[in-house]
1. Filter the range C:126-166 for residues that are in contact (Cβ under 8 Å) with a residue 40 or more places away in the chain, in a helix (DSSP H, G or I) and of a type outside the set (D, E, K, R) and give the result.
2. Do you know which of the residues in the range A:208-267 that are more than 9 Å from chain C (Cβ to nearest Cβ), outside any helix (DSSP H, G or I) and among the charged types (D, E, K, R) is surrounded by the fewest Cβ atoms within 10 Å (Cβ to Cβ)?
3. Tell me which residues, restricted to the range B:38-62, are surrounded by 22 or more Cβ atoms within 10 Å (Cβ to Cβ), in a strand (DSSP E or B) and not aromatic (Phe, Trp, Tyr).
4. Against the definition (touching a helix residue (DSSP H, G or I) at 6+ places or on another chain (Cβ under 7 Å), more than 7 Å from chain C (Cβ to nearest Cβ) and of a type in the set (Ser, Thr, Tyr)), how does A:Thr201 come out, yes or no?
5. Of the residues C:Gly137, C:Gly103, C:Gly176, C:Gly191, only one is surrounded by fewer than 19 Cβ atoms within 10 Å (Cβ to Cβ) and of a type outside the set (Asp, Glu); which?
6. Could you list all residues from the range C:188-228 that are more than 18 Å from the chain's Cα centre (by Cα) and of a type in the set (Asp, Glu)?
7. Determine whether the range B:15-30 contains at least one residue that is in contact with a Cys (Cβ under 8 Å, 6 or more places away or on another chain) and not in a strand (DSSP E or B).
8. With out of contact with any strand residue (DSSP E or B) (no Cβ under 9 Å at 6 or more places or on another chain), more than 14 Å from chain C (Cβ to nearest Cβ) and surrounded by fewer than 18 Cβ atoms within 10 Å (Cβ to Cβ) as the only criterion, which of B:Gly66, B:Gly25 stands out?
Amino acid sequence: MTVDVDPRTALSAASKVRLVDCDIHPIIRHKGDLKPYLSREWQGYHDTYGDFLVSPFATAHPYPKPTPALSRLDTWPPSGGPPGSDLAFMRDQHLDPHDIEFGVLQVLWPTAARHRNLGYGAALCRAINDWQKAEWLGREKRLRGSVMVTQEDPEAAVAEIARCARQGGFAQVMVVPRNIEPMGRRRYWPIFAAAEAHDITLGCHVGGLNGYAVTGGAGHCSFYAEEKDSNGFAMEAMLTSMIFEGVFEAFPKLRLVAIEAGLGWVPALGWRLDELWQRFRDELPAVRRPPSETLRERLWYTTQPADEPEDPKHLRDVFDWIGWDRICFASDYPHWDSDDPRYALPIAMSRAEHRAIFRDNALGVYRLS
Amino acid sequence: MAQRHVVLPLAELPAGESRIVTVRGREIALFNLAGEVFALINRCPHEGAPLGLGLRVGLSESEKPGCYTHSRPGELVRCPWHGWEFDIRTGQSWCEPAKLKAKSFSASIEPGATVVKGPYVAESLPVSIEAHYVVVEL
Amino acid sequence: MASDAVSAGTGYPKAGVIDVDIHPAVPDMAALRPYLDAHWREQMTVRGVDGLESMLWKPSLPISARPDFRPAEGLPGARLDQVRRDALDPFGTALAICNPLWGVAVPFAEDMAMALCRAMNDWLAEEWLAPEPRLRGAIVVPPQSPDQAAAEIDRCARNPRFVSVLLPAMTEQPLGRRAHRPIMAAAERHGLPITIHAGGLYRHPPTATGWPSFHAEDHAAQANIFQSQLLSLVYEGVFVDHPSLKVVLLDAGLGWLPQFMWRATKTWRGLRAEVPWLKQNPADVVRSHVRLSIQPLQGPPDAEGMERLLAHLAADQMLLYATDWPHWRFEGEAAIPPQLPTRLLPALCRDNALETYPRLKETLA
């Protein structure tokens with residue numbers, strides 16, 4: 001399908017469309033900021049034992065990040081604190097200039113999903129969710145939160161989803177692909193059941209620490225450059241697991257957004273899974289339709305990091321394959337590889353296409369209003 | 001026609017530092033490299049990030065995996081967003097240097113002239129120091 | 001290519017296709033026993049070591065062999081007469097490269113793995129390559145023992161019927177890592193491409209999310225494993241150290257490749273200083289040094305979509321014909337996916353293979 005649209009028309013259309021940004025990362029200013037939100041029994045633990053993750057370091061990364069706080073250099077607030085810690089600065093630098101109508105917060109640090117001490121992990125999730133409510137959602141009505149949950153303790157996760165759903169203000173339950181087991185396996189199903197029952201979207205954001213090689217079967221790679229692009233591979237494995245285990249059949253109302261993996265890999269995953277499903281049908285009794293249809297009809301994908309084809313027009317082919325109704329813009333503010341909505345998708349789009357990607361698809365999947 | 005603009009006193013741009021100024025509505029990033037001053041349009045050719053806010057770095061090179069050389073300390077700027085490296089003196093990107101070595105960018109911006117500009121070159125402007133003031137041609 | 005060299009109806013080269021990926025099977029340890037030295041011969045018997053079929057290619061899985069490729073007795077591909085009748089004759093195959101998948105490189109004990117690899121290489125040379133002029137072979141080595149592997153490549157390369165080196169996709173460390181350089185050096189000095197086939201050591205869970213429930217998931221994971229291997233080969237500078245080396249991906253699928261190249265180039269542009277020996281963008285490195293078989297295709301099912309993907313790839317020269325025999329990838333003799341445009345066929349079925357595996361040219365005469 002070709003669309004003869006003058007890019008200038010697309011840009012002027014853009015200026016009339018308010019934006020929904022599906023991926024913004026807030027962060028605490030100081031380590032002690034979450035303490036008021038922790039119950040007394042866990043406050044002492046927080047100070048002494050703190051984050052206990054699958055990592056060789058107490059705080060550093062064995063694949064060191066390319067920039068401090070993984071962030072753009074210009075996002076450090078003048079008031080002090082790390083990028084993403086100052087709401088006023090976030091408004092000035094990001095929410096207001098891009099005329100963002102809604103932004104979905106995704107909390108990556110402190111990381112809550114993969115704590116080895118499950119009791120502390122659950123307490124930390126509660127604290128992070130209450131912190132979001134009090135210090136972000138309560139002060140900025142354009143923002144919506146993510147319910148952070150302990151994926152390895154589905155019972156605690158279900159309780160937290162119910163608690164946050166009652167409060168409102170949360171657009172999604174946030175999970176990450178790098179669990180102990182692939183996400184489609186039965187032990188995680190209570191989380192999907194809770195998300196479906198409370199009509200909250202499941203947001204799968206890249207990341208997690210499980211001790212496995214980030215490449216999977218190839219073993220431990222050397223460079224951050226390799227580790228970064230392996231995020232998409234973990235996302236593909238997670239979606240493959242969920243599709244093949246029949247999660248989307250078992251939970252027909254579940255909505256899922258794949259976040260921060262880009263989306264150029266989606267068509268190839270569909271082609272590959274369709275071929276394999278044909279050959280392994282009797283191993284996969286829960287799969288009742290071609291996997292590519294599930295990718296097309298039950299999932300949404302955020303744009304960042306935007307693909308940069310050598311010929312920019314080829315991005316339209318990719319969008320055609322995925323479905324223009326499945327694509328949701330995300331900035332990933334304030335991270336170093338974040339996308340500027342004005343320049344990240346340099347293709348001619350019709351007004352309808354532009355509205356869909358930059359606003360309406362996200363409004364729909366997250367039930368924003 | 002390019003005009004010469006006095007943009008700030010040299011004393012306000014110490015060696016090793018950068019400043020962003022606005023001339024004729026355009027933001028210019030100024031860099032003082034050990035007394036020599038260079039100017040780039042404050043807009044990364046990738047996605048428009050403010051180059052003047054980038055970290056100044058040296059040139060890390062290698063002839064062979066596992067060997068690292070470092071030269072020209074502080075003479076490159078890393079875009080504050082996606083980390084692309086630009087030679088402050090010429091505006092040339094250090095991505096694919098083998099491909100781009102042959103290309104040099106004419107530093108004077110004049111209406112009517114054809115500016116040879118690849119996708120990875122940051123626009124650089126002529127700068128001179130006159131009576132302790134930084135003067136940019138734009 | 002001259003039009004009289006190509007069949008008018010199918011576009012297949014009249015001189016016959018080159019199939020870069022078929023799988024003769026080791027029937028059992030008894031077949032390798034004559035090729036083991038006395039110590040290992042006895043060890044295999046005393047310990048009852050046998051049945052080294054890979055988990056990924058478990059013989060009972062439908063994907064492991066199309067039903068009509070399964071003989072009444074024994075493993076598919078264990079007998080030369082069957083391979084001639086079912087893998088070579090029906091497709092007009094001029095040359096086929098044998099990539100045995102028996103898990104000889106898998107045992108944790110290095111010397112055992114090496115001894116088994118040597119034995120299988122000798123078995124292949126003696127019982128397959130020597131009696132059948134259409135067959136060529138890959139030298140199988142364990143990547144986790146690079147020095148011994150390099151010596152084995154030097155040894156087998158004396159036989160001109162070996163045309164490549166075969167490594168598994170699933171390894172202990174990604175193949176670009178420096179420990180593997182002796183293998184890359186040995187391959188390069190003999191003009192042999194490194195060929196990587198789906199499957200392997202299973203030292204790590206196939207996915208970064210742990211161990212999947214289904215064989216189908218292990219198979220789905222292979223494409224991402226190949227991508228990780230490519231990132232490693234490119235970023236670690238294997239092609240900087242070995243500029244004439246080529247790498248072939250077998251059973252990797254095609255659909256993911258263009259977007260992979262876009263993303264690797266995008267990432268590299270921001271992180272160049274982490275790998276400063278890399279002076280060419282990853283997409284160009286891949287186009288120059290990497291080739292892949294089109295079986296399985298795992299690409300657009302329609303011709304129009306295929307044309308779009310090929311435009312994204314912008315590198316027809318990368319594509320190599322293969323049946324992946326006896327794996328169940330297609331029906332009848334339709335080994336070439338119908339959505340591939342016929343203009344690709346001469347290069348796909350012959351020229352690209354000759355350019356990638358230089359020894360094929362020498363022995364064709």
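The values are calculated or read from the model by the stated rules, or taken from the named source; none is laboratory data. Since we're looking at a predicted model, the values are computed, not measured. Here the Cβ is made from the backbone with ideal geometry for all residues, glycine too, and neighbour counts use every protein chain on show.
1. C:Trp128
2. That would be A:Lys253.
3. Matches in the range B:38-62: B:Ala39, B:Leu40.
4. yes
5. C:Gly191
6. Residue satisfying the conditions is C:Glu217 alone.
7. There is no residue in the range B:15-30 that is in contact with a Cys (Cβ under 8 Å, 6 or more places away or on another chain) and not in a strand (DSSP E or B).
8. The match here is B:Gly25.
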